[in-house]
1. Would you tally the residues in the range 25-59 being within 22 Å of residue 83 (Cβ to Cβ) and aliphatic (A, V, I, L, M)?
2. I'd like the residue in the range 41-82 that is hydroxyl-bearing (Ser, Thr, Tyr) and not in a helix (DSSP H, G or I) and, out of all such residues, is surrounded by the most Cβ atoms within 10 Å (Cβ to Cβ).
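Every number in this text was worked out from the coordinates using simple rules, so none of it is lab data. The structure displayed is predicted, hence computed values, not measured ones. Cβ sites come from the backbone with ideal geometry, for glycine too, and all protein chains shown count toward neighbours.
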Amino acid sequence: MSLEQAVACAFSGIATHPVPPQPFDRLTPRELDVLRLVSRGRTNREIASELVIAPSTAERHVANILSKLDLHSRGQVAIWAMERFEFPEHASAFDDPGARDGESVIGYRPEQSL
């Protein structure tokens, strides 16, 4: 096999094996908004109020998120989101009482801007 043939063979699989989309790529922008609020422990009613939508719409968005991510509870959604996204507002939940000058376990300091 020539060098040109080897290169062509190596690159031939790229077009036939696209990278599968990430689960959050399947979520709409509004579902990502709801995901953020669910991960903060908000109820459907609180989500509806904050996003100015009907509670039934918030409930439908949560159901869509659960389905698209193949999860079964709001708690799983929160864990899934926290593993994949940075949520600095959650940093205080991980504060280490022995940390210096308010530094948290995850290294976030509230006075730092991101």
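1. Count: 7.
2. Result: 43.
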